[in-house]
Amino acid sequence: MNHLPLIIKREYLTKVKNKAFIVMTILSPIIMIVLISVVAYLAQLNNDKVRTIMVLDQSGYLNNTFKNTDNTTYNVLTNMELSDAKTLTQEASAYGLLHVEKFNDINNVSQHVKFYSDESPSLSLISGIESKLEKHFTNQVLQDKGVNVALINESKIQVDVAQESFQGEKTSKVDSVIKLIFGGASGYLLFMFIIIYGNMIMRSVIEEKTSRIIEVIISSVKPVQLMLGKIIGTSLAGITQFVIWLVFGGLLMTVVSLVLGIDLMQSTPQQELVEMAAQNNDAQNYFIALKEGLSHMPLINLIIAFVFFFIGGYLLYSSLYAAIGAAVDNETDTQQFMMPIIMPLILAVYIGIFTVIEDPHGTISTVFSYIPLTSPVVMLMRIPFGVPIWQQVLSLFILIATFMLTVWFAAKIYRVGILMYGKKPSYKELLKWIKY
Amino acid sequence: MSNLLEVNNVSKNFGSFTALNNVSLTVPKGSIFGLLGPNGAGKTTLIRIINQITMPDTGTVILDGESLKENHIKDIGYLPEERGLYKSMKVGEQALYLAQLKGLSKAEAKKRLNYWFDRLEIGDWWNKKIQELSKGMAQKVQFVVTVLHNPKLLIFDEPFSGFDPINANLIKDEILHLRENGATVIFSTHRMESVEELCDDIALINKSNKILDGKLTEVKRKFKSNTFEVGLRTLNNEVLEKELAEKFTVNPAYFKTLDNELKLNIKLSETEKPNELLNFLTTKAEVSHFVELIPSVNDIFIQTVKNNN
């Protein structure tokens, strides 16, 4: 008798009708949007704040070096002792005081520059000042040696290297960033999905054990069927929740940014990356590059691969979660078994972030995109950079083979574990269960 | 075919631990069969094998003439000792789900549930969640779910635990009623008085081995020791006791009477007949009490298990 559809239906409906689930489904996007809004608002606020920096120049070199910007005002003090300048700065509650002493040798100018402030200044502020001073003094030296600085500035030439593969595919820096975002997002999505809904499966297995219904159920259905039904039902509930989050969250985001006039996207780092990569293009070019970048992506490949690796990776992990749930009596006992699951998952994300971005087709990236526990995440991050189809198929094949093996292994543990009460099993005992 | 269930030479090992060692038993059709044994003897393993939850290492199980197969799930109703229901699911939904797992259609399941819920007067619980019910109430729902699909074989593991005497009696009557309608019942319990009351056949399992089985009456016949409990009214108890002790094996007996009578257990040899004893006693005293001691299931259980150990 095939009860799988019935089990899936029950698992799905109980998850979806659960109050906590409903509350989380509605509340999560709201909380997210509120958080993003607050961060975006604060960032805007921070940008709006104008800092005043006093500059005490005793060297006489710095004329008009410090130009006021949107968020920094420079007040140049003259004819003053350092101690007076300090007092003045504090009284005026300015952010800090830049002091340049009188010096003889311009090459040792570092020894004569100091910045005073109440709090330690940010790295970007100091490096901004440093670069300004460096530029100024370099020009000074050049001028002293009789070089025409204006001529140098005029002669500057800017080069953008256009990239093209031997197959004639054009790429650009914007492309790379877009690929990174797509790869990163899909890998991260899978990671989150596994953690959230894998745990949900585990809890639901434990619930059946603690409510002692399990023996009633498995006198009617095969444990493997129950396990698969649980995994599929919970996943469907998860997908439902995810879709609601996306739609509802998207709507909310649009509404909030329209109503409050805060550009939420502005504060996301991806945007900055794209802008950074595209900084040399003007606005029009930027959008063209963006469009081209998208069209350069192996989109169809990406979508198909996403579906397969997502399902494969998720099922692989969730069968492990189900086995853990079956092996223990309550959630606190799950810790020792969680480690071996979480470790490869985190490893995969780290490899994705640090290695794939640096070298998408290097040895480490390639190897880990074959190893089944890391391959879904790593491969998903690699694919936007163009992975040969045979590699994807091979990796998927390994993944599916491992999944089958894991389901078999998990089902064994599940079958024995669900009827074991009381004692928390050791790994040795789990191995013994497989042999029963 | 008068046996509904035949278990033939079933063994089951868990690693180095032997849960069942070459156990065979037969359950006659339409009987109530008591499966007895101390804790950890292997009863639950045997029941799980019959339910196809675990597979035997060796041996076969025949249900109604056929070797046990997946399709038999709908022929068995099992109330496990470790039982429960989904706490946050509504009674009706849950019962429907479990009935459908046993192969009933939704409509049929609903019809039968209405019948049973009315019969046990729990109709108004349909929309309640299990966590709102008391333990006894949940047990009633559990009982209904077990018997709903009209199985040929019902297996009850400690069916009365959690019930008050009134409800326990109600369930007992339902079990008898189901038997009248053709079901065969395997009944596993530590409450010997209910075995005494309900069971036609018993099997006793100890330390993975079956050590005793048969019709309850035959088992009792085998275990009775030809001992009679007598109450005698006489003028001098001590003199009479001495006289009887010379002729028979005599032990003091304990039972409640109105007068201060001489109470004895008198064991006869195999050749002696009860009438001879009675005739002898009437010449010596006024006989107020004369009962053959039939061993209780409790006594048989304790004695057999102790000897076996």
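The values are calculated or read from the model by the stated rules, or taken from the named source; none is laboratory data. Given the structure is predicted, the values throughout are model-derived calculations rather than measurements. Every residue, glycine as well, gets a Cβ built from its backbone with ideal geometry; the counts of neighbours run over all protein chains shown. Side chains included, ligands, DNA and RNA excluded: accessible areas come from the protein's heavy atoms. Shrake-Rupley method; radii C 1.70, N 1.55, O 1.52, S 1.80 Å.
Would you check which residues across the stretch A:119-149 are without any contact (Cβ under 8 Å) to a residue 60 or more places away in the chain, more than 32 Å from the chain's Cα centre (by Cα) and surrounded by 10 or more Cβ atoms within 10 Å (Cβ to Cβ) and list them?
Those that are without any contact (Cβ under 8 Å) to a residue 60 or more places away in the chain, more than 32 Å from the chain's Cα centre (by Cα) and surrounded by 10 or more Cβ atoms within 10 Å (Cβ to Cβ): A:GLU134, A:LYS135, A:THR138, A:ASN139, A:VAL141, A:LEU142, A:GLN143, A:VAL147, A:ASN148, A:VAL149.
Could you list, in sequence order, the residues of the stretch A:380-406 that are under 19 Å from A:SER319 (Cα atoms) and open to solvent by 20 Å² or more (accessible area, probe 1.4 Å)?
A:LEU396, A:PHE397, A:ILE398, A:ILE400, A:ALA401, A:THR402, A:PHE403, A:MET404, A:LEU405
Somewhere in the stretch A:336-348, is a residue open to solvent by 30 Å² or more (accessible area, probe 1.4 Å) and closer than 24 Å to A:GLN225 by Cβ?
Within the stretch A:336-348, not a single residue is open to solvent by 30 Å² or more (accessible area, probe 1.4 Å) and closer than 24 Å to A:GLN225 by Cβ.
Quick check on my filter: what residues within the stretch A:207-227 are farther than 19 Å from A:VAL407 by Cβ and in a helix (DSSP H, G or I)?
A:GLU207, A:LYS209, A:THR210, A:GLU215, A:VAL216
For the stretch A:7-24, which positions are touching a Leu at 6+ places or on another chain (Cβ under 8 Å) and open to solvent by 40 Å² or more (accessible area, probe 1.4 Å)?
Residue satisfying the conditions is A:TYR12 alone.
Go through (1) within 22 Å of B:LEU148 (Cβ to Cβ); (2) modelled with pLDDT under 90 and name the single condition B:GLY37 misses.
All conditions are met except number (1).
Out of the residues in the stretch B:257-309 that are hydroxyl-bearing (Ser, Thr, Tyr) and under 29 Å from the mean Cα position of the chain (by Cα), which is nearest to B:LEU232 (Cα to Cα)?
B:SER296
Can you work out which of the residues in the stretch B:14-27 that are farther than 14 Å from B:VAL61 by Cα and not aromatic (Phe, Trp, Tyr) is nearest to the other protein chains (Cβ to nearest Cβ)?
Only one residue fits best here, namely B:GLY15.
Which residues, counting only those in the stretch A:205-220, are surrounded by fewer than 20 Cβ atoms within 10 Å (Cβ to Cβ) and either in contact (Cβ under 8 Å) with a residue 40 or more places away in the chain or more than 11 Å from every other protein chain (Cβ to nearest Cβ) (or both)?
Matches in the stretch A:205-220: A:THR210 only.
Taking the stretch B:251-291 as the search range and keeping residues that are surrounded by fewer than 12 Cβ atoms within 10 Å (Cβ to Cβ) and in contact (Cβ under 8 Å) with a residue 40 or more places away in the chain, which one is farthest from B:GLU196 (Cα to Cα)?
B:GLU286
With B:GLY65, B:GLY42, B:GLY103 as the choices, which residue is farther than 22 Å from B:CYS199 by Cβ and touching a Ser or Thr at 6+ places or on another chain (Cβ under 9 Å)?
B:GLY103
Of all residues in the stretch B:37-60 being at the interface with chain A (Cβ under 10 Å from one of its Cβ atoms) and open to solvent by less than 20 Å² (accessible area, probe 1.4 Å), which is nearest to B:SER208 (Cα to Cα)?
Filtering the stretch B:37-60 for residues that are at the interface with chain A (Cβ under 10 Å from one of its Cβ atoms) and open to solvent by less than 20 Å² (accessible area, probe 1.4 Å), the one nearest to B:SER208 (Cα to Cα) comes out as B:ILE47.
Can you pull out the residues in the stretch A:187-204 that are open to solvent by 10 Å² or more (accessible area, probe 1.4 Å) and hydrophobic (A, V, I, L, M, F, W, C)?
Correct list: A:LEU189, A:PHE191, A:MET192, A:ILE195, A:ILE196, A:MET200.
So for the stretch B:124-131 (the condition being surrounded by 13 or more Cβ atoms within 10 Å (Cβ to Cβ), more than 23 Å from A:LYS9 (Cα to Cα), within 12 Å of another protein chain (Cβ to nearest Cβ) and not hydroxyl-bearing (Ser, Thr, Tyr)), does at least one residue qualify?
no
As an exercise: evaluate B:LEU148 against (1) open to solvent by 10 Å² or more (accessible area, probe 1.4 Å); (2) in contact with a helix residue (DSSP H, G or I) (Cβ under 9 Å, 6 or more places away or on another chain); (3) not polar (S, T, N, Q) and give the number of the one condition it does not meet.
Going through the list (1) open to solvent by 10 Å² or more (accessible area, probe 1.4 Å); (2) in contact with a helix residue (DSSP H, G or I) (Cβ under 9 Å, 6 or more places away or on another chain); (3) not polar (S, T, N, Q), B:LEU148 breaks only (1).
Going through the stretch A:103-118 one residue at a time, which ones are open to solvent by 100 Å² or more (accessible area, probe 1.4 Å) and at pLDDT 80 or above?
Across the stretch A:103-118, the qualifying residues are A:GLN111, A:LYS114, A:ASP118.
Regarding B:THR45, is this residue of a type in the set (S, T, N, Q) and within 24 Å of A:GLU207 (Cα to Cα)?
Taking the combined requirement at face value, the residue satisfies it.
For the stretch B:142-159, how many residues meet the condition of being within 19 Å of the chain's Cα centre (by Cα), assigned to a helix (DSSP H, G or I) and within 12 Å of chain A (Cβ to nearest Cβ)?
Going through the stretch B:142-159 one residue at a time, the tally reaches 2.
From the set of residues in the stretch B:71-98 that are part of a helix (DSSP H, G or I), farther than 13 Å from B:ASN51 by Cβ and of a type outside the set (A, V, I, L, M, F, W, C), which is nearest to the other protein chains (Cβ to nearest Cβ)?
The residue in question is B:TYR97.
Please go through the stretch B:92-123 and pick out each residue that is open to solvent by 60 Å² or more (accessible area, probe 1.4 Å) and either of a type in the set (Asp, Glu) or outside the structural domain of B:HIS72 (by TED's automatic domain parsing) (or both).
Selection gives B:GLU93, B:ASP118, B:GLU121.
Residues that are modelled with pLDDT under 80, more than 27 Å from the chain's Cα centre (by Cα) and assigned by TED's automatic domain parsing to the domain that holds A:ALA185, at least 2 per element: which helices (runs of 4 or more DSSP H) completely within the stretch A:331-436 meet that?
Here the list reads A:427-435.
Condition test on A:LEU56, is it open to solvent by 20 Å² or more (accessible area, probe 1.4 Å) and aliphatic (A, V, I, L, M)?
Criteria not met by A:LEU56.
Residues of the stretch A:69-84 being exposed (fewer than 12 other Cβ atoms within 10 Å of the Cβ) and free of Cβ contacts under 8 Å to residues at least 12 places away in the same chain, which ones?
Result: A:THR69, A:ASN79, A:GLU81, A:SER83.
Looking at the stretch B:120-138, which of its residues are touching a residue at least 40 places away in the same chain (Cβ under 8 Å) and either part of a helix (DSSP H, G or I) or closer than 17 Å to A:ILE213 by Cβ (or both)?
Answer for the stretch B:120-138, where residues must be touching a residue at least 40 places away in the same chain (Cβ under 8 Å) and either part of a helix (DSSP H, G or I) or closer than 17 Å to A:ILE213 by Cβ (or both): B:LYS129, B:ILE130, B:GLN131, B:LEU133, B:ALA138.
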